[in-house]
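I have placed the structure first, in the form of structure tokens, so that the comments after it can refer back to it.
Each reported figure results from applying straightforward, stated rules to the coordinates on display, with no laboratory input. Here the structure is a predicted model, which means the values were calculated and not measured. We place every Cβ from the backbone using ideal geometry, glycine too, and count neighbours over all the protein chains shown.
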Amino acid sequence: MNTLYCVVVGVAGSTFPVDIDENKSVGHLKDAIKEKKPDTITCEADKLQLFLAKKDEGRGPWLTQLEALQGVSDTRGYTHLPVPGAKLRAVGLAGRQVSLGEVSDEDGAAGKGPVHVLVVFSQIAA
């Protein structure tokens, strides 16, 4: 089981954890996100757009929770995850070779922990 931290684009301070089995798919992650935030996310799960929250099109570091607290206004520079059937390990969100940016308890408390997924839904997306 992995804990992925997600943030809703356009909603400052909206970071939240989602626990999901590493063998699941992007579509399953959309369902888990929708279930976790039913009052915020008012569209169907399949209408969510997810982005890998690694900067520089997935080549850079993870977005931090402190950065997310200040708000994320767009998804430029982040990799879109458009295929619902893609396994989490295939898109960089699970697997032995994947670093999810774990930090010490102290760094986590300071907001240096990672955000893994940016979430866009139709009411916010242009």
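Report, to two decimal places, the Cα Rg of the chain normalised by 2.2 N^0.38 Å (N = number of residues). Provide the component values of the computation, followed by the final result.
Details: Rg = 13.3 Å, N = 126, 2.2 N^0.38 = 13.8 Å.
For the chain, the normalised Cα radius of gyration comes out at 0.96.
Can you list residues from other chains, or at least 5 along the same chain, whose modelled amide H is less than 5 Å from the amide H of residue 11?
Those qualifying (amide H under 5 Å, at least 5 residues apart or on another chain) are 72.
Which value, in debye to the nearest 20, gives the size of the charge dipole of the chain about its Cα centre, when Lys and Arg are +1 and Asp and Glu are -1 at the Cβ?
Values: 14 positive and 16 negative charges, 76 e Å.
Charge dipole, the chain, about its Cα centre: 360 debye, nearest 20.
What order do you get for 80, 116, 28 when you list them from fewest to most C-beta neighbours inside 10 Å?
In increasing order of surrounding Cβ atoms, one gets 80, 28, 116.
At what distance in nm do the modelled label points of residue 3 and residue 76 sit from each other, each positioned 7 Å from its Cα along Cα→Cβ?
3.4 nm
At 222 nm, what value in deg cm²/dmol follows for the chain if DSSP H runs of at least 4 each add -39500 (n - 2.57) and the sum is divided by all its residues, to the nearest 500?
-4000 deg cm²/dmol
In whole Hz, what ³J(HN,Hα) sequence does region 52-66 give by Karplus (6.51, -1.76, 1.60; θ = phi - 60°), x for Gly and Pro?
Computed from phi, the couplings for region 52-66 are 5, 8, 9, 5, 6, 6, x, 9, x, x, 5, 4, 9, 5, 5 Hz.
Provide the per-residue ³J(HN,Hα) series for region 18-34, in order, calculated from phi with Karplus coefficients 6.51, -1.76, 1.60 and θ = phi - 60°, each as a whole number of Hz, with x at glycine and proline positions.
Taking θ as phi minus 60°, the curve returns 10, 8, 8, 5, 5, 8, 7, 10, 4, x, 5, 5, 4, 4, 5, 5, 4 Hz for region 18-34.
What order do you get for 67, 44 when you list them from fewest to most C-beta neighbours inside 10 Å? Mind dumping the intermediate values first?
Working: 67 18, 44 12.
Ascending Cβ contact count within 10 Å gives the list 44, 67.
Distance in nm between label sites at residue 109 and residue 21, each 7 Å beyond Cα in the beta-carbon direction?
3.5 nm
On full extension of the chain, what length is gained from residue 42 through residue 86, given 0.36 nm per residue of separation minus the C-alpha to C-alpha distance?
Stretched fully, the residue 42-residue 86 segment lengthens by 13.5 nm.
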